[in-house]
Structure formats: C-alpha cells, structure tokens
Amino acid sequence: MDYKHRATKHIVQDKVGFMEFHGFPVGLRTIILGNNNKEDILGVGTYQLKLRERNQLLLHNTIYAPGVQCSLVSHVSSIRLGFTFGFHPNG
C-alpha cells in the first residue's frame, strides 16, 4: 500500500454539517492533496455525517477546505478507532 497517498484527516468541502466550528483566516493554514495541489483550510471542527436510516457519525477534528473536489473520510483514522469496512461488488 502506498501510504504517501492516504487520507489521515477527515476533509469536507461543505460547511453546513459542522456542529462545532473554529474558523481560520485565508492563507493561515493549507493542506497538500495527493496531486500536490495546496488548498486553504478555512476551519476545523466536529462534522455530522448523515448515514443511511437516519444514522449519523460525528467526525471530530474535521478540516473544512472548500476548494477540494470532494469530501474525504479517513478510513485510516476510523480503523484506529475500531471501525471496520467491507467493500462488496453490489454495495
């Protein structure tokens, strides 16, 4: 596995799901993505991820970077907390 390209933090592009949020000025903090592009981090906080059947998952220390193309949930961080993942061809 190429660990250089793994997400080690949760990153979202939508501010709406934050339950707790601490903003940063533009240019203060950045994140380097897998394609070596830099994006501004405009805040960090606890994000409420809505799942199926009205379930939810609270993602703590989630980065708000509106310039990313899609939101990322770090499976590495989740596995460290005891979560397991299963990938099946039919979902």
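We did not get these values from a lab; they are worked out from the coordinates using the rules stated. Every value quoted in this text rests on a predicted model; they were computed, and no experiment measured them. Note that each Cβ is placed from the backbone with ideal geometry, even for glycine, and that neighbours are counted across all protein chains shown.
Among the residues of the range 57-69, which ones are in contact with a strand residue (DSSP E or B) (Cβ under 9 Å, 6 or more places away or on another chain) and farther than 14 Å from Gly17 by Cα? Spell out how you get there, then give the answer.
From the range 57-69, those in contact with a strand residue (DSSP E or B) (Cβ under 9 Å, 6 or more places away or on another chain) are 57-68; that's our starting set.
Within the range 57-69, Gly67, Val68 qualify.
If we keep just the residues of the range 51-83 that are more than 13 Å from Val12 (Cβ to Cβ) and in contact (Cβ under 8 Å) with a residue 24 or more places away in the chain, which is surrounded by the fewest Cβ atoms within 10 Å (Cβ to Cβ)?
Initial filter on the range 51-83 (more than 13 Å from Val12 (Cβ to Cβ)): 51-56, 75-83.
Those still in the list that are in contact (Cβ under 8 Å) with a residue 24 or more places away in the chain too: 75-77.
Details: His75: 14, Val76: 11, Ser77: 17.
Looking at the filtered set, the residue picked out is Val76.
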Response to the item:
Taking the range 29-56 and keeping residues farther than 15 Å from Val16 by Cα and not in a loop (DSSP other than H, G, I, E, B) leaves Thr30, Ile31, Ile32, Lys38, Glu39, Asp40, Arg52, Glu53, Arg54
